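Heads up: the structure comes next, in C-alpha cells.
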Number of protein chains: 4
Amino acid sequence: MATAYHRIVGGSVHRLSAISDGIFAVAMTLLVLDLHVPALQLLHAQHALWAPGATGGERQLWHALVALAPRLGIFVLGFLTLGMFWLGQQAQLDHLARGDRHLTWIHLTFLCAVSLMPFSTALLAEYETYRVALLVYWLHLLTLGLLLLGALRYAERAKLFRSDTPEGLVAAARRRIVVAQALYAVSVALGMVNTYLSVALIVLLQLNSAVAPDIRPLNRF
Amino acid sequence: MATAYHRIVGGSVHRLSAISDGIFAVAMTLLVLDLHVPALQLLHAQHALWAPGATGGERQLWHALVALAPRLGIFVLGFLTLGMFWLGQQAQLDHLARGDRHLTWIHLTFLCAVSLMPFSTALLAEYETYRVALLVYWLHLLTLGLLLLGALRYAERAKLFRSDTPEGLVAAARRRIVVAQALYAVSVALGMVNTYLSVALIVLLQLNSAVAPDIRPLNRF
Amino acid sequence: MATAYHRIVGGSVHRLSAISDGIFAVAMTLLVLDLHVPALQLLHAQHALWAPGATGGERQLWHALVALAPRLGIFVLGFLTLGMFWLGQQAQLDHLARGDRHLTWIHLTFLCAVSLMPFSTALLAEYETYRVALLVYWLHLLTLGLLLLGALRYAERAKLFRSDTPEGLVAAARRRIVVAQALYAVSVALGMVNTYLSVALIVLLQLNSAVAPDIRPLNRF
Amino acid sequence: MATAYHRIVGGSVHRLSAISDGIFAVAMTLLVLDLHVPALQLLHAQHALWAPGATGGERQLWHALVALAPRLGIFVLGFLTLGMFWLGQQAQLDHLARGDRHLTWIHLTFLCAVSLMPFSTALLAEYETYRVALLVYWLHLLTLGLLLLGALRYAERAKLFRSDTPEGLVAAARRRIVVAQALYAVSVALGMVNTYLSVALIVLLQLNSAVAPDIRPLNRF
C-alpha cells in the first residue's frame, strides 16, 4: 500500500535528464564566480595608445591578468571534469528504458556531489600547493566515479536498460570509470612529491579523454 | 471574453516541468554558495611532503576544513530536502493530462518557496542551536508540503490527471505527504530539548526516504 | 545569399522555450540572493528551551528575521511578477507553429529585460520610499509589457501562429497586457502620494492575476 | 574494445542542446550580478512628493543610477553577444542528425568559453578605457567564433548533418562567422585610437545583427 508511492515516483528518465542538465549547467557556470576582475587603482582617462605614459596602466592591468592565469587553469580543469562526468552520466541515462525510485536517488546523490564541485575546485585554486586540497579534490572525483558505477550496476540489476542497448555498453562504461579512477589515484599519489605535477597530470588525463586521439594506447581511456 | 486569456495560459505541463527543473537546479546549486573556502594566511611554497615543516600548513588547512563539516552536513540536508520535494512534484506532474491557470499558479507558489530554501538552509547552518532557525526551517517544509497537497487536491478536482493514472496514486501521494509532515512536526517538537536532535532526526527521515529500505515499517514513509 | 543565414536561424520554438525557462528560472532564484541571513553576535551554546536565559538570543534572532519581512515581501513581489510574465510569454510561444530570426530577437530582448529584474527588485527593496526606485521598477514592467506586445504583433503579422490557434487568442492576450499595464500606471501614479501604497496596489494586482477569482469584474484582468 | 565507450557517448543532440541552453541561460543572467544597487546614506522616511525637501534624496538616487548607465550598456552588450552566439550554435545543432564524442567536446569547449563571458564583460565594464580589457574581450569573441567554425567543419566532415539540411547552410553559416569576426577585428583595431569607439562599433554590429534590417548591404552580415 504505502509502497505504491515508491512505485509512482522517479519513473521519468526525461525529468532526471532535465534536472541533471540544469545542475551541471549551474555548477559549471558558478565555477567562474571564483574568477574576480582585478581591482586596481587606475586612472580612467582615454588616451590614444601612442600618447606618452598611456601604456603604464595597460601594463599593470596586463600583469594583474597574467597573475590570474593559474586560477583560470583550475577553472578550465573544473569545467572539463564536470563535462566528462556529464558525458559519463548521459551515456547511462540515454540507454535507460525507464527509471525508478532507487536509481533516481543514486543520481540525485551524484548531482549533490556535482553541485559541490565549485567548492573543491576553488579550494584547489586557493591552496594549490597543499596536499589536503588535492586530497579533497581527489576524494570528490572518486565519489563521483563510485556513484556513477553504482548507478550503472543498479540499472543493470534492476533491468532498466532498453532492450536495444548495444551489447557491451555496460562493460565498456564500467571499464572506462575504473581506468580513469586508477589514473587519478596514481596522479594524486605523485602529489606527495609535487602538487603541481598532480594537477598537470589530471589536466592531461582530462584533455586526453576530451580529445580522444586515434593513437594507441591513448584512445583506450 | 476576458476569461479567454485565462483559458489560454498554463495549459502546458511540459513548460511547467521545465521551469520547475530549472528552479530546483538553481536552488540546489546555490546552497553551496554558502560553503566558503577557508581564508588562511598560509605560505604557498611547494615542498615535498617529507620536507621538514611541510605538514604544518597542511594540518591548519585540514582543521579549517573539518570545522566546515557541520555546514556541509546542513548543505547535504538542504539538497536531500529539495530532491525529495522535486520527486514529489514530479510524481504529480508526470501524470497530468494537462494543466490550467490555477494549477500553474499553485506550482509557481510552490517554486517560490523552493527558491527561498537556500535562505532557510543558510539560516539553520548559521544558527543551528536556535529554535527560531529550526522553526523557520520547519515552517518552510510545512509550506512546501501544504502547497504540494493543494496542487494534488486541485488537480484531482479539476480532473487534470490522465485517464491511465494508476488507481490509488492520488491517495498514496497524499498519505506520503501527510506522514512525512507529521514526522517533521515530531522532530521539530523535540528541538525544544535539543536542536541537534531535531536536525539529526530530519536527516535520518530524509535518508530513509531516499534509501527506502525494504524493511517494514520503514518502507512505508 | 547572405540572407540564407537569416533564414536558417531562430526557427526552433522549442529551443526558444528552453532558454526562456532557463533565464526565468535563474532570474527568479537570484532574487533570493538579496535576502541575507542576519549577522548577529550570538553564543552558539545548546540549552534546553526552559533553561534560564535561553530565550534571550532567540528573541534577538526573531527580531532580526521580522526586520527582513519587507524585503521578503518585495522578493515575493518580484517572483510573482516574473511568474506572470513567464505565463504571458508561454501563452504566445505555445501557439507558434515556428519562429524566425526577428521573433527570436524580440524574445531575446524580452529575456534581457527579464534577467535585469533582480536589479530593479533589489533597488525597490533598498529604497522603498523613493519614487525614483518605483519609477525604475515601473519602466521595467512597461518594457516587459511592450516587448511581449511587440512579439505578439510581429508573430501575428508574420503568420507564425499555428492554424489551430483558438480564435480570439491574440486579441485576448493583447487586451490582457494593455489592461495590466494601465493598472500598473495608475498604481505608480499614486506613488506620488505614498510609495507603499503603490507597492501594495501592485502586489494586489499580481495576487488577483495569480488567484484569478471567479468574481466579476476581478476575473477580467 | 575500449573505443566502445567512445562510440556510446555524445550521441544525443537533445542533451547537448539542453546543457547549452542551461549554460547560456546562467551566463546571461550572471552578467547582471555585476550591476550593484547603489549604496547611499539616505533617510527612509515617507513624504509626499510635494513635501519640502522630498526631492533631495530622489535626486541623489537618480544621479547614482545615471552613473550606472555605462555599466548597464556593457551588460546589454554582453547579453546581445551571448544571444548571437546562442543563435549561431542553435543554427548548427538544429540541423544535426546525431552527435558524436568529438563534436560534443568541441561544443563543451565552446560552452566553457561561454561561461567565462561574464568575466570578460565585467573586465571591460571595469576598465573600459584600457586596450588590454578590449583585447581580452576580442580574443574571447574570436575564440567563440573559431570554436563554432570548428564545430561546423567537424560536423560537415563527419557527415553529422541531417539529409534534409538546406543546401548552402554550412556555407552560409561559415560566411556569417567569418564576416562577423572580420568586422570585430576592424572595430578592435580602432581601439588603438579610442576604446569607446571600439565598444560603440561592436554594439552597432550586434544591434545590426539582431535587428537585421532589410537594407543592403547591412542585411548581409
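The values are calculated or read from the model by the stated rules, or taken from the named source; none is laboratory data. Keep in mind that this is a model prediction, so the values were computed, not measured. In this analysis, Cβ positions are derived from the backbone assuming ideal geometry, glycine residues included, and neighbour counts consider all displayed protein chains. Remember, those area values only see protein heavy atoms, side chains included, never the ligands or the DNA or RNA. Shrake-Rupley method; radii C 1.70, N 1.55, O 1.52, S 1.80 Å.
Miscellaneous remarks
- With the charge dipole of chain D set up from +1 on Lys and Arg Cβ and -1 on Asp and Glu Cβ about the Cα centre, the Cα lying farthest toward the positive end among the listed residues D:W86, D:L31, D:T55 is that of D:W86.
- Apportionment of accessible area to carbon and sulfur, the protein assembly as shown, percent (1.4 Å): 67 percent
- The local environment of D:D94, defined by Cβ-Cβ distances under 11 Å, has a net charge of +2 under the rule Lys, Arg +1 and Asp, Glu -1.
- Here the range A:40-185 is assigned +1 on the Cβ of each Lys and Arg and -1 on the Cβ of each Asp and Glu. Its dipole about the Cα centre then comes out at about 440 debye.
- Dipole magnitude for the range D:108-221: about 420 debye, using +1 per Lys or Arg Cβ and -1 per Asp or Glu Cβ, origin at the Cα centre.
- Distances in nm from A:L72 to the matching label points in the other copies, shortest first (labels 7 Å along Cα to Cβ): 3.1, 3.1, 4.4
- Leading residue at positive end of dipole, the range A:98-208 (Cβ point charges), from A:F161, A:V199, A:V114: A:F161
- Kirkwood hydrodynamic radius over Cα pairs of chain B, then Stokes diffusion coefficient at 25 °C and 0.890 mPa s, in µm²/s: 124 µm²/s
- When chain C is treated as a GNM with alpha-carbon contacts under 10 Å, the residue of C:Q89, C:Q41, C:Q206 showing the greatest mean-square fluctuation is C:Q41.
- For the residues B:L80, B:L169, B:L111, a GNM of chain B with alpha-carbon springs under 10 Å puts the largest fluctuation on B:L169.
- Kirkwood's formula applied to the C-alpha pairs of the protein assembly as shown gives a hydrodynamic radius of 29.0 angstrom.
- Pairing chain B with chain A buries about 4700 Å² of accessible area. This figure sums both sides and uses a 1.4 Å probe.
- Residue mean of other protein chain beta carbons inside 10 Å, D:11-18: 6
- Using every pair of separate Cα atoms, the Kirkwood estimate puts the hydrodynamic radius of the range A:95-221 at 16.1 angstrom.
- Radius 14 Å from Cβ of B:M192, net charge of other residues (Lys, Arg +1; Asp, Glu -1): 0
- R0 of 60 Å, Cβ-Cβ distance C:L204-D:N194: FRET efficiency to nearest 0.05: 0.75
- Sorted from closest to farthest, the other copies place their C:H36 label points 1.0, 1.0, 1.5 nm away, with each point set 7 Å from Cα along Cα→Cβ.
- Kirkwood Rh and Cα Rg combined as Rg over Rh, evaluated for the range C:33-162: 1.23
- Dipole magnitude for the protein assembly as shown: about 1780 debye, using +1 per Lys or Arg Cβ and -1 per Asp or Glu Cβ, origin at the Cα centre.
- Value at 222 nm in deg cm²/dmol, rounded to 500, when DSSP H runs of n ≥ 4 in chain B each add -39,500 (n - 2.57): -24000 deg cm²/dmol
- Trypsin sites (Lys or Arg not before Pro) within the range D:117-221: DSSP coil, no more than 16 neighbouring Cβ in 10 Å: D:K159, D:R162
- Within-12-Å neighbourhood charge of C:S20 [Cβ basis; K, R +1; D, E -1]: -1
- For D:K159, inter-copy label distances in nm, listed shortest first [label point 7 Å out on the Cα-Cβ vector]: 3.8, 3.8, 5.4
- Here the simple spin-label model places points 7 Å from the Cα toward Cβ, and for C:R98 and D:A182 these points are separated by 3.0 nm.
- Counting Cβ atoms of other protein chains within 10 Å of each Cβ in A:67-78 and taking the mean gives 1.
- Heavy-atom accessible area, 1.4 Å probe, ligands and nucleic acids excluded: residues of the range B:169-193 down by at least 30 Å² from chain alone: B:A172, B:R175, B:R176, B:M192, B:V193
- GNM top mover of D:T29, D:T81, D:T195 - chain D, alpha-carbon springs below 10 Å: D:T29
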